[in-house]
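Structure first, then comments.
What follows draws every value from the coordinates through simple rules; no lab data is involved. Quantities reported herein were computed from a predicted structural model and do not represent experimental measurements. Methodologically, a virtual Cβ is constructed for each residue, glycine included, from the backbone with ideal geometry; neighbour enumeration extends over all protein chains shown.
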Amino acid sequence: MTHLVMNLANREGIPDNMGMWLFLSVGAVSLFVVFIPLLSWMDNRRREREAFYKADTMRRLAEGSGQGATAAIQLMREEERIKRIKTLEGLKIGGLINLGVGMGLLIFLRALLGGGSGSPYLCGLIPGFIGIAMLVYAVFLAAPVE
């Protein structure tokens, strides 16, 4: 692309790096103005379709016999239970990652800058304490999943 632009614009007064600048400009515009909004629109459409089909399935189950209504209620409860389990597992993983980042940062800054009075190695405790708080909530404070 750069070569084509430079061949087309091979005149005096045009800088040598103009082709690269045009290439990067077109790439940035196509990424931020076209590609990312298109992906988010497609994702929203997919979620709408999934919600519509789920609601339609629930409606058909509920309109059926008495067993259909209880099956719909059980399905809703099971989906809610799975969602809560995934949330708690995500909190546990996030807490462990934050704890690891905090300990790594603490060790790294201590080794890099030393343990003097002005050393900022204790900044590693911030993500560490956030990780501990996430783990405490996920293990002890969150409502248990039936």
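Can you name the residue in region 67-122 that is among the polar types (S, T, N, Q) and loosely packed, with under 12 Cβ neighbours inside 10 Å and, of all such residues, is farthest from Ala133 (Cα to Cα)?
Step by step, filter region 67-122, then rank; the result is Gln67.
Return the residues of region 105-131 that are farther than 30 Å from Leu91 by Cβ and either assigned to a helix (DSSP H, G or I) or out of contact with any Lys or Arg (no Cβ under 9 Å at 6 or more places or on another chain) (or both); say none if nothing qualifies.
Across region 105-131, the qualifying residues are Ala111, Leu112, Leu113, Gly114, Gly115, Gly116, Ser117, Gly118.
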